[in-house]
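Structure first, commentary second.
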Amino acid sequence: MAQGIPGEVLMNDELIKDLADVAKDAALLQGVLMRLHETPNSSECVTYAPFTLFPSPVPKAAFLQALAAQTHYNTLVDKISQDPDFLREALASTIAVDDFTAKLFRIHEQILKEGRSQSIVLGLNRSDYMLDQREDGASPLKQIEINTIAASFGGLSSHMPDVHRHVLKLAGLLEESQRILDNNPASGLAAAVAKAWELYGSKRAVVMFLVEDNQRNIIDQRCIEQELWKRNIPTIRRRFDDVYKTGSLDQDKTLFVDGREVAVVYFRNGYMPQNYVSEQSWDARLLMERSRAVKCPDISTHLVGTKKVQQVLARSGVVERFFPDQPEVVKQIRATFAGLYTLDIGPEGDKTVEMALSTPDRFVLKPQREGGGNNIYGSEICQVLEGVKNSTERMAYILMDKINPTPVQNYLLRRDAPLRISCCVSELGVFGVYVRKGTEMVMNECAGHLLRTKSSEHSDGGVAAGVAVLDNPLLV
Ligand code: ADP
Ligand code: MG
Ligand code: MG
């Protein structure tokens, strides 16, 4: 067990019960809120977003390593997004069998054919990591994935530090409470959106949040909206359907929705097939991509976030190609890579199949999906691979080393769940923001962090998927 909250506090049932009550009120007070499952489109009743009672220990060196890598990851994502040949080659096998990625790719190709109508690029991404517990006692930082579209919880995580500081003080852990870092991704994300809006250069134009039908996590997004309004930047919230019905382009491809000129489209939707309820949603996506609004992300950057691209990057010589004169940067990025293996048709893919079938517990099988709950683990890997191993269907997946973080005891606070101690593992996310205009990087920053923790009995799933909860790192 890593060093963290003392056992006498964790095991004191009476104290825990009191702390949990206070913690929930502290979360409400700080605005760590979510709408209810039952009423996702109304704020009449809200509850606290699920969170841990205590912060979780994170080694300081690994934490700093993750922060330091972020601007390089931003650069990498941005460079790949400008390399259509690379994307074509990397995704060729995937799009042959994965309909969703193929549809995104088709939009990408159409945009390239027409020519991009906007030279301002806005990236808001989140690189996620776990610490791998090795037999030799080392626990290296390993990237789980990078999210280039709709990376969430930058808003709510901005309000989490004060919740845990308060809980720790109440538990008599004053010194620990001072080790909770300040964190404000909401402000950093908004600063980048604001920069893109400014460069677009029209005071009337709005930032449009493209949102889901189910708006349970609206408060997370409102945090960023508020930051924009503070800067007198108007925001609106619209769905694919609204854009389909009221969206249009004028002759210079300026995007209008409901009669408002749109400077920036910030996608908080559109990352999974179910988000596109009909062909009209796809038409709306295409309309936005063709427009001269700044897209966050644009279609190329969206594709960079696929698991297939992550796997291709791990091959030798690939990251190197994007940083030809910067071996130090390559080293920093590569240090965070876990083993990633192709399932393309050919001897290399055959080897991957064999390896996965003989030791499935060492791996995670991943389709090209987002949002949690899609990956395949353990014996199920064999079931799935047995079904697809002799067909091109296997190319829809990649295989990845399974990362095994050190479990830590904590309490997961969620509405209607009993208060009990759980064995937990954490995933550290780092927010990166950048703005480019033509060939000039105008902004490239790390914008804060997110710690999510889940019971170690769950292999998969994020906060929105109902598995992980919000947390803060306690640096050790
Ligand atoms: P998504 O885009 O759906 O979030 P992820 O790759 O982040 O996909 O996987 C979802 C979850 O599965 C992660 O949050 C993590 O809990 C778990 N997971 C993913 N990859 C690994 C891995 N290599 N080792 C251990 N757990 C993993
Ligand atoms: Mg993801
Ligand atoms: Mg993830």
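Shape descriptor for the chain: Rg over Rh equals 0.96 (Cα atoms; Rh from the Kirkwood inverse mean 1/r). Remark: spin-label model distance residue 116-residue 96 equals 2.8 nm, labels positioned 7 Å along the Cα→Cβ axis. Averaging 1/r over every pair of different alpha carbons in segment 149-223 and inverting the result gives a Kirkwood radius of 14.7 Å. Provide the net charge surrounding residue 14, with neighbours chosen by a C-beta distance below 13 Å and charges set as Lys +1, Arg +1, Asp -1, Glu -1. With Lys, Arg at +1 and Asp, Glu at -1, the net is -3.
Taken about its Cα centre, the chain carries a charge dipole of roughly 1000 debye when the Cβ of each Lys and Arg holds +1 and the Cβ of each Asp and Glu holds -1. Rolling a 1.4 angstrom probe over the protein heavy atoms with all chains in place gives the chain an accessible area of 41 Å² per residue. Within the same chain, lysines fewer than 8 places from residue 17 are excluded, and of the rest, those with a Cα less than 18 Å from its Cα are 169. Cross-link reach is defined here as a Cα-Cα straight distance under 20 Å, omitting same-chain residues fewer than 8 places apart; for residue 253 the aspartates and glutamates meeting it are 109, 114, 198, 241, 242, 261, 283, 289, 298. Proximity of backbone amide H atoms, modeled 1.01 Å from N, is registered between residue 476 and 58, 60 at under 5 Å, excluding neighbours fewer than 5 places apart on the same chain.
Here is the P(r) of segment 377-476: all C-alpha pair distances, binned every 5 Å from 0, give 2, 9, 14, 15, 13, 12, 12, 11, 8, 3, 0 in whole percents.
Taking Cα centre as origin and charging only the Cβ of basic (Lys, Arg, +1) and acidic (Asp, Glu, -1) residues, the dipole magnitude of segment 36-148 rounds to 300 debye. What a 1.4 Å probe finds exposed on segment 164-322 is 46% carbon and sulfur by accessible area, rounded to a whole percent. Computed from the Cβ-Cβ distance with R0 of 51 Å, the FRET efficiency linking residue 357 to residue 79 stands at 0.90. Within the shell of other residues whose beta carbon sits under 11 angstrom from the beta carbon of residue 131, the net charge comes to 0, with Lys and Arg scored +1 and Asp and Glu -1.
Taking a 1.4 Å probe, which of 244, 397, 129 shows the most accessible area, and what order do the others take after it?
Largest accessible area first, the list is 244, 397, 129.
Using a Förster distance of 35 angstrom, determine the FRET efficiency expected from the C-beta separation of residue 393 and residue 136, and round it to 0.05. Efficiency for this residue pair is about 0.35. FRET efficiency for the pair residue 14 and residue 456, taken as 1/(1 + (r/R0)^6) with r the Cβ-Cβ distance and R0 = 22 Å, rounds to 0.25. For the pairs 203/308; 331/351; 79/454, note any where the Cα-Cα span goes beyond 31 Å. Cα-Cα > 31 Å for 203/308; 79/454; rest within.
The values are calculated or read from the model by the stated rules, or taken from the named source; none is laboratory data. Everything numeric here is computed off the predicted structure, so don't read it as measured data. When we count neighbours, we look across all protein chains shown, and the Cβ atoms used for this are built from the backbone with ideal geometry, even at glycine. Quick note on the areas: whole protein, heavy atoms, side chains included, nothing else; ligands and nucleic acids left out. Shrake-Rupley method; radii C 1.70, N 1.55, O 1.52, S 1.80 Å.
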